[in-house]
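Peer 1: Dropping a structure here in structure tokens format, bear with me for questions.
The values are calculated or read from the model by the stated rules, or taken from the named source; none is laboratory data. Keep in mind that this is a model prediction, so the values were computed, not measured. Note that we place each Cβ from the backbone using ideal geometry, even for glycine, and neighbour counts take in every protein chain shown.
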Amino acid sequence: MAHSARRDSPELPDFSLLKRLARDQLVYLLEQLPGKKDLFIEADLMSPLDRIANVSTLKEHEVDKLYKVEYKPITSTSDQLCFLIRPRIKTVKWICDVANADKATGKFRRYKIIFTPQKFYACEAVLEEQGIFGDVTTDEWAFYLLPLDDDIISLELPEFFRDNFLAGDQRWVRTAGSALHLLHSLYGPFSKVYGIGRCSKMAYESWREQVAEGEQRTRQAEIGRVFLIDRDVDFVTPLCSQVVYEGLVDDIFRIKCGCVEFGPDVTSDKSVKVMLNSQDKVFNEIRNEHFSNVFGFLSQKARNLQTAYDKRRGMDIKQMKTFVSEELKGLKQEHRLLSLHIGASESIMKKKTKQDFQELLKTEHSLLEGFEIRECISFIEEHINRQVSMIQSLRLLCLLSITENGLMPKDYRSLKAQYLQSYGVDHLLTFANLRHLGLLVEQQPGETLTVMESKVGKLVNDKTAGKLTDAFSSLARKSNFRALSRRLNLVPKSGEEYDLRVPRDMAYIFSGAYVPLSCKLIEQVLERDGWTGLEEVTKLLNGNEFAVTGSNGADSKAKNDAQRIILVMFLGGCTFSEISALRFLGREKGYKFIVVATAITNSSRLLESLLDNHV
Amino acid sequence: MHCAKLAVVSNSDWLCVQMMKSKADEEDYWNSSKFKAFTFDDEDDEFSRLKESKQAVNSIRRLVEEDDDEDDVEKVSWSGEPVGSISWSVRETAASNQRTDREPTFPKINTDTPTLSKSNSGYSLSSLFKGKTKGGNFQSFNDSLSDLSVRLYAPELRKPKSEYKDYVSDWSPEETIQRMQQGKAFSLEKFRSLQDKLLLLDFAVSAHDGNVITAVLIYLKRTLGKEVLFRELESRQTALRHLIQYLTETRDQRLLLELLRSLCRTGPCTTGREHLSITDENKRRDFLKSCLSLPFSPEDSAHVQDHFTLLERQIIIEATDRQAERGGKVEIFQKFPRRASILNMPLVTTLYYCCFYHYTEPEGTYSSSLNIRQTFKISEKQYFVTALAARAKLKAWSDVDALFTSRNWLGFTRKKSPLSFQRVVDILQKNSAPTQVLQDYVALVDDAELRISLAQKHKCHDIVINTYRDLKDRQLLLGYRGKVERGSAEERKIDELLNNPRRRWK
């Protein structure tokens, strides 16, 4: 980024240690089943596994064949089977089926299940129920954290969001605590922990207990401060269209575990898989840029490259030799990357112009500003009527609901009915889920309730109706977005020019239209070293904020660099746009942020996890 | 009692959904194996295999554990990893057994959030807890319950130690939960009284470890009658949701449905959704019919009713059309073979289908698009958009034209649209309408600027030229001359305008 960084930014800790530890532990576990064995890997563990080990590592430890878990009868002939899985009942049941099928045919094999990152009692209960307990050995592979980049670490647990926030299942709370504990023992001790959200609180407690259970080592801290935040504190940010390059690439091509697959529309050849991280020099310079700057940057870069190539002309043999041996390889590499990202940008442009991206963004910005809501509603309505992307329509509906603190009953009913007509009645379940999470709700009757409606309500729900509504309204999360936006100044006044090339605040990640709430909270709390002065804000966010100082933190404060290295943990997922915003904030204030997320998310992933029509 | 139940019932929508999900596999339950007992002896496999009687194992375990406590070192962790292994070293501190009373480096924060569900059963953690203060490990949970219940239940908390002689150990519920969290050996078998079981559950909930909460619930499910279990869960939201999630995951549909029914017995909420897994459309229809009688919320029940009517309709249309297609006599099916069956498609897709294949049918037939529109009260806009797209796809431009034409009482016709003409142009263009068709509609866009940009985009030169002429803008017109083809009619028209001395320009 063209922006000049503060020089004194501290260095980031080296997270490759996490990979090494995970790999060593896996090797150790594989050795627990000596001899040749076939390894079955759960589909969503393949990519994370790829990041820390390769096939030859596995082969070295006598893994013969590799299979993906597909919930079908197996074809393996090996007499030792090893299963590397997430602790899911469905998968364990399948393994039981495999083992029971072997039993039925009199086949003897040894089985080992490696759960990662931990096992659950419920899984063992299945083993016992199916009569397999004792026939299989089980282990845990404490692979909690996968570094995706220098400053991004993922737990690769997309189900965290649904389990925790929708189902109210706290199975992953301890996992989050353990992940934090691992970071604390390797890069801590932390001196200060801030947080907001119910799950954050619980994760903090779980971590604290685990620290208390173990012994303390004194070492020089590399990470000083920690911020924990629940995804449901800020739903607006992940629901907005991403316009920063990395986020846009994720929205369109879906980055999976730090890797993206560019199809023929990008490469004009066959598909390629590309790792997207700071190692990619071209990508590293454009990832945080607003998309409108990317083309200019890439063409400048292309011109420079041309000049570098042109140097060859007029070289003598010796010079040519040095050129080939020293520069050419680098140039070729750069050339390849450049053409990839140019191809990707073109493809993005094509896709976006096709679907009237400009109009879509205009609607989003109006919603954020609370401006021309009627027009927004009819835009969404037309979207639905024309059966444009089911997820896109849902996203706009949710954005409308959160920013407006719920839809007026008349609008809610009409939009819901039209949605069901366009995309299928099965989505009744989706609507129930969204309502449960407070993502898409009807405004509570209260004053707006007409006499007629309250009469109908009485007829339908009898006496309990009143109490029911009371109970519901106190349970339901109010988004209070408007009030929050005003208090934290999230939406800059419209009409002001915003130079996206020289961003002045984090709003640049949304074209200057909106400062992400999550990142604004982080900025404010760090600035104030706590929540003092933010009482009104936390009240609007349903409370659950905390800021605690460790006993070892008070004295060493502010002296060393570690205090400016801040670990931000997003429970329920984090978007690339938020990461870009935090990078910007870090450059402005001389911090370095490390983002730990239960998974990288975006609007589509978030909403898809709440669909219920295809289960 | 009311207050607690409300917390549950207030989520009736959600419960409704859970119930819909669960009913689906109810049948499956009967075919599946019966629920088997489950215990939490998580000893090494060697141990479990040797296990002849509980007593035997238990006595061994006690020895192991006692050893443990003395050495203050974990010899074998839950996963059976020996001390000093790689994994052990990674988990470093996770599983040591010490019960330190040293000051924790970070303070405890209150993770209890006020909920609506205060226990009324009397067996709540808070009420039980008051009787016992143990080293200040736990601070206040909920001081909200009256001392009365304390007096009632507190004496039950601990039996004299001698009574436990034959048991594994006398770990309290609290200690047991802690051990479970740390992955150490434990046994739940000794928690036999309802108080103990609930105490266990409440401690698990207050530890915020879903894994342990579910483990305790599995034990309670096995050892408590479901009426009792359900009753107690009504006032324990967190535990309740864990059980629902567990039953959903294990596909224990029968129990799940029973649970949800018992929660909903006071409110309007029951339904089914097994139709999603029913592939045969006739069965699906019958199922939906059975759902109609269920007390949905009025709004949703209308949706389900519509769904049923639609499926009924689709079955009829599908049968007729399949036959017509096979017969090979109906032209449209020959020209545009159907790509998929219409069964189970959304309403709008069905409407599109009917606008495509059955547009001219009289309103009386089931497959007539007008009939669909009437039956399902489709909004004018929705109908318009769909019919427009379908007829444009067929390039039936006269039908498209007719959609817009309205006659006033004097018999004049004018073009009207519930949709902005900009959107109309967009839809037509996406269905590859020719320029001649497009320009009729571009011309109807009110806003001059928008009209020009659309006209330029779709190469409707006449409109651009006329608009510039009306704007009296000679410069723009001159500029546009460069954009049209040399020697074309458009160029001539521009020249004519430019050379006309009687024209006045800005």
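Peer 1: Enumerate the strands (runs of 3 or more DSSP E) found wholly within the range A:220-293, keeping only those where 1 or more residues are modelled with pLDDT under 90 and over 24 Å from A:F357 (Cβ atoms).
Peer 2: Result: A:272-275.
Peer 1: Would you check which residues across the range A:220-235 are over 13 Å from the mean Cα position of the chain (by Cα) and among the aromatic types (F, W, Y) and list them?
Peer 2: A:F227
Peer 1: Another question about this same structure. Looking only at the range A:119-134, count every residue that is assigned to a helix (DSSP H, G or I), free of Cβ contacts under 8 Å to residues at least 12 places away in the same chain and of a type in the set (G, A, S) and tell me the total.
Peer 2: Residues that pass the stated criteria total 1.
A quick yes/no check of all residues on (1) in a helix (DSSP H, G or I); (2) free of Cβ contacts under 8 Å to residues at least 40 places away in the same chain; (3) farther than 27 Å from B:R241 by Cα; (4) touching a Gly at 6+ places or on another chain (Cβ under 8 Å):
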position: A:L394; (1), (2), (3), (4): yes, no, no, no
position: A:N405; (1), (2), (3), (4): no, no, no, no
position: A:R413; (1), (2), (3), (4): yes, yes, yes, no
position: A:Q421; (1), (2), (3), (4): yes, yes, yes, no
position: A:L440; (1), (2), (3), (4): no, no, no, no
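For every residue, the table says whether it meets (1) exposed (fewer than 15 other Cβ atoms within 10 Å of the Cβ); (2) on the phi > 0 side of the Ramachandran plot; (3) over 57 Å from the mean Cα position of the chain (by Cα); (4) at pLDDT 80 or above.
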residue	(1), (2), (3), (4)
B:D462	no, no, no, yes
B:D473	no, no, no, yes
B:G479	yes, no, no, yes
B:S488	yes, no, yes, yes
B:E491	no, no, yes, yes
B:E496	yes, no, yes, yes
B:R503	yes, no, yes, no
B:K506	yes, no, yes, no
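Peer 1: From the list A:I348, A:I402, A:I342, exactly one residue is farther than 30 Å from A:M275 by Cβ and either modelled with pLDDT of 90 or more or buried (at least 17 other Cβ atoms within 10 Å of the Cβ) (or both). Which is it?
Peer 2: Working: A:I348 fails: farther than 30 Å from A:M275 by Cβ; A:I342 fails: farther than 30 Å from A:M275 by Cβ.
Just a single option satisfies the conditions, and that option is A:I402.
Peer 1: Follow-up question, since we're still on this one. Look through the range B:212-249, keep the residues that are among the hydroxyl-bearing types (S, T, Y) and surrounded by 20 or more Cβ atoms within 10 Å (Cβ to Cβ), and return whichever of them is nearest to B:D196 (Cα to Cα).
Peer 2: B:Y219
Peer 1: Go through the range A:140-169 and give me each residue that's in contact with a Gly (Cβ under 7 Å, 6 or more places away or on another chain) and crowded, with 22+ Cβ neighbours inside 10 Å.
Peer 2: A:L148, A:F160, A:F161, A:N164, A:F165, A:D169
Peer 1: One residue is enough: does the range A:243-254 have a residue meeting the conditions in contact with a Gly (Cβ under 8 Å, 6 or more places away or on another chain) and not aromatic (F, W, Y)?
Peer 2: no
Peer 1: Out of the range B:354-370, which residues are in a helix (DSSP H, G or I) and without any contact (Cβ under 8 Å) to a residue 12 or more places away in the chain?
Peer 2: Answer for the range B:354-370, where residues must be in a helix (DSSP H, G or I) and without any contact (Cβ under 8 Å) to a residue 12 or more places away in the chain: just B:L370.
Peer 1: Additional query: Which residues, counting only those in the range A:121-137, are polar (S, T, N, Q) and within 7 Å of another protein chain (Cβ to nearest Cβ)?
Peer 2: A:T137
Peer 1: Inside the range A:146-185, can you point out the residues that are among the charged types (D, E, K, R) and in a helix (DSSP H, G or I)?
Peer 2: If the condition is that a residue be among the charged types (D, E, K, R) and in a helix (DSSP H, G or I), then A:E159, A:R162, A:D163, A:R174 are the ones that fit.
Peer 1: Would you mind finding the one in A:L66, A:L81, A:L58 that is part of a helix (DSSP H, G or I), farther than 14 Å from A:V126 by Cα and touching a residue at least 12 places away in the same chain (Cβ under 8 Å)? Working first, answer last.
Peer 2: Details: A:L66 fails: part of a helix (DSSP H, G or I); A:L81 fails: part of a helix (DSSP H, G or I).
Among A:L66, A:L81, A:L58, only A:L58 is part of a helix (DSSP H, G or I), farther than 14 Å from A:V126 by Cα and touching a residue at least 12 places away in the same chain (Cβ under 8 Å).
Peer 1: Within the set of pairs 6 or more residues apart or between chains, which connect a residue that is touching a residue at least 60 places away in the same chain (Cβ under 8 Å) inside the range A:174-190 to a residue that is assigned to a helix (DSSP H, G or I) and among the aromatic types (F, W, Y) with Cβ atoms less than 7 Å apart?
Peer 2: Final answer for the pair search is A:L180/A:W207.
Peer 1: Filter the range B:189-204 down to residues that are out of contact with any Asp or Glu (no Cβ under 7 Å at 6 or more places or on another chain) and buried (at least 23 other Cβ atoms within 10 Å of the Cβ) and give me whichever is nearest to A:K119 (Cα to Cα).
Peer 2: Applying the filter and picking the extreme gives B:A204.
Peer 1: Does A:Q170 satisfy being under 28 Å from A:L58 (Cβ atoms), under 29 Å from the mean Cα position of the chain (by Cα) and within 11 Å of another protein chain (Cβ to nearest Cβ)?
Peer 2: no
Peer 1: Among the residues of the range A:14-28, count how many are touching a residue at least 40 places away in the same chain (Cβ under 8 Å) and not in a helix (DSSP H, G or I).
Peer 2: Of the residues in the range A:14-28, 1 are touching a residue at least 40 places away in the same chain (Cβ under 8 Å) and not in a helix (DSSP H, G or I).
Peer 1: Given the criteria free of Cβ contacts under 8 Å to residues at least 60 places away in the same chain, part of a helix (DSSP H, G or I) and within 34 Å of the chain's Cα centre (by Cα), does B:K377 qualify?
Peer 2: Considered against the rule, which asks whether it is free of Cβ contacts under 8 Å to residues at least 60 places away in the same chain, part of a helix (DSSP H, G or I) and within 34 Å of the chain's Cα centre (by Cα), B:K377 comes out as no.
Peer 1: Run A:F371 past the list (1) away from every other protein chain (no Cβ under 14 Å); (2) under 22 Å from the mean Cα position of the chain (by Cα); (3) modelled with pLDDT under 90 and report the number of the one that doesn't hold.
Peer 2: Among (1) away from every other protein chain (no Cβ under 14 Å); (2) under 22 Å from the mean Cα position of the chain (by Cα); (3) modelled with pLDDT under 90, A:F371 violates only (2).
Peer 1: For the range A:485-519, what are the residues that are part of a helix (DSSP H, G or I), without any contact (Cβ under 8 Å) to a residue 40 or more places away in the chain and buried (at least 20 other Cβ atoms within 10 Å of the Cβ)?
Peer 2: Answer for the range A:485-519, where residues must be part of a helix (DSSP H, G or I), without any contact (Cβ under 8 Å) to a residue 40 or more places away in the chain and buried (at least 20 other Cβ atoms within 10 Å of the Cβ): just A:A507.
Peer 1: Run A:L439 past the list (1) at pLDDT below 90; (2) closer than 17 Å to A:S604 by Cβ and report the number of the one that doesn't hold.
Peer 2: Single failed check for A:L439: (1).
Peer 1: Here is a further query. Count, please, the residues in the range A:189-219 that happen to be of a type outside the set (A, V, I, L, M, F, W, C) and not in a helix (DSSP H, G or I).
Peer 2: Residues flagged as of a type outside the set (A, V, I, L, M, F, W, C) and not in a helix (DSSP H, G or I) within the range A:189-219 amount to 12.
Peer 1: On to the next question. Out of the residues in the range B:175-205 meeting the condition of being in a helix (DSSP H, G or I), more than 10 Å from chain A (Cβ to nearest Cβ) and in contact (Cβ under 8 Å) with a residue 40 or more places away in the chain, tell me which one is nearest to A:G177 (Cα to Cα).
Peer 2: Result: B:F203.
Peer 1: Could you count how many residues in the range A:181-220 are surrounded by fewer than 23 Cβ atoms within 10 Å (Cβ to Cβ), aliphatic (A, V, I, L, M) and more than 7 Å from every other protein chain (Cβ to nearest Cβ)?
Peer 2: Selection size over the range A:181-220: 1.
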